[in-house]
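The structure appears right after this line, and notes come after that.
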Amino acid sequence: MKASTQSKTPLWLALLLTLAMVVIVRESALVICQWIGIEKAANIVGLVAMFLILIVWRLIKGLPNWITRASNLLLVDSGFAFLPVSAGAGILLFELGDEFWGVMLTMIISTLIPLWALGLLANHWLSGTANTDTKPLTDTQNTANQQTTTSVRDHGSDNSIITDKQK
């Protein structure tokens, strides 16, 4: 994977290009889905197509900096798009009457289980180990870990790894 390329594209142009990419991919997905006869799947087809395009672009060339800047700016304010839907859903929840607590329990459980699983995966990916045990290390384990840690020293053009025991 290559690093993102640097560009001096102004933010307003980056925003326009990013929005144009989203609209073109979504409308292309709509045309393709209408041609196939599944118009209702156009949004998800466009989403998957955009994801695949960006993954391939990132692997082959590296994403330009302007896409990252524009996407970050657009995503910061995208939460406001869900306010009317959330308000409407909140109003409807209170009209459920006796079924309110069952629906709330289902929503809470169906949210917490994926968040817990995602937390475990993130912990695994970020730490590089599959250990999900949250017990703190004992003093003996800390000492053993400190003795076997490695440090990288730069010796001009020669990079070598030297363990603490060799120092």
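Nothing in this text is a laboratory measurement; each read-out follows from the coordinates by a stated rule. Source: prediction; values computed, not measured. Here the Cβ is made from the backbone with ideal geometry for all residues, glycine too, and neighbour counts use every protein chain on show.
What does the charge count around I44 come to, taking other residues whose C-beta lies under 15 Å from its C-beta (Lys +1, Arg +1, Asp -1, Glu -1)? Walk me through the numbers on the way to the answer.
Details: positive: R26, K40; negative: E27, E39.
Combined, the nearby Lys, Arg, Asp and Glu give 0.
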- Task: Can you tell me the FRET efficiency between D77 and L13 if r is taken as the Cβ-Cβ distance and R0 is 22 Å, rounded to the nearest 0.05?
- Result: 0.75
- With each label point set 7 Å from Cα along the Cα-Cβ vector, what nm distance links V48 and N123? 3.3 nm
